[in-house]
Amino acid sequence: MSTPTTDAQRLRDLALLRQVRDRIDREYAQPLNVEALARGVHMSAGHLSREFKRVYGESPYSYLMTRRIERAKALLDRGDLSVTEVCFTVGCQSLGTFSTRFTELVGMPPSVYRDQAAGATEGIPSCLTKQVARPLRRPATN
């Protein structure tokens, strides 16, 4: 049985986790790290990471990268930016890390995606495009 104090703390933690998720959604292109996100809600980085993963199913870093890749896909669909420009526009600092994470989440390198998917969603309402085009974490294969 939980105590009123425990329930109240859980609700406060959930509100703080929502703030972190909203900040990631808003500031995905900014330099963000778990320590800075945790500091912003007065939590330790470890506690934030554990609770965020428990509530949202992935770590704050993974969530951030998913947001960045989601935006990168939209930019690559437009076709007017190079892969390198897209990488830096969405807040990634390393083209290699960006390409690796993009390939993990989307299933193909960003250059291949750009060549194959550019214009593929033309004429489809953006609300539907966003829903069906959201990158999904693929299980690692060994």
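Here are the numbers for this structure:
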read-out	value
Residues that are in a helix (DSSP H, G or I) and among the aromatic types (Phe, Trp, Tyr), drawn from region 1-52	Phe52
Residues of region 47-59 that turn out to be over 19 Å from Leu11 (Cα atoms) and either out of contact with any Ser or Thr (no Cβ under 9 Å at 6 or more places or on another chain) or without any contact (Cβ under 8 Å) to a residue 40 or more places away in the chain (or both), as a count	1
Cβ-Cβ under 7 Å pairs, at least 6 apart or on other chains, region 99-110 side free of Cβ contacts under 8 Å to residues at least 12 places away in the same chain, far side of a type outside the set (Val, Ile, Thr) and open to solvent by less than 30 Å² (accessible area, probe 1.4 Å)	Pro109/Phe102
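Okay, residues lined up against (1) of a type in the set (D, E, K, R); (2) open to solvent by 70 Å² or more (accessible area, probe 1.4 Å); (3) over 14 Å from the mean Cα position of the chain (by Cα):
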{"site": "Glu27", "(1), (2), (3)": "yes, no, no"}
{"site": "Ala38", "(1), (2), (3)": "no, no, yes"}
{"site": "His42", "(1), (2), (3)": "no, yes, yes"}
{"site": "Met108", "(1), (2), (3)": "no, no, yes"}
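Condition check ((1) assigned to a helix (DSSP H, G or I); (2) at pLDDT below 95; (3) of a type in the set (Val, Ile, Thr)) across all residues:
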position	(1), (2), (3)
Tyr61	yes, yes, no
Glu85	yes, no, no
Gly91	no, no, no
Phe98	yes, no, no
Ile124	no, yes, yes
Gln131	yes, yes, no
Leu136	no, yes, no
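The values are calculated or read from the model by the stated rules, or taken from the named source; none is laboratory data. The model shown is predicted, which means the values in this text are computed figures rather than measured ones. Cβ coordinates were reconstructed from backbone atoms using ideal geometry, including for glycine residues, and neighbour counts include every protein chain displayed. Note: areas computed on protein heavy atoms with side chains; ligands, DNA, RNA excluded. Shrake-Rupley method; radii C 1.70, N 1.55, O 1.52, S 1.80 Å.
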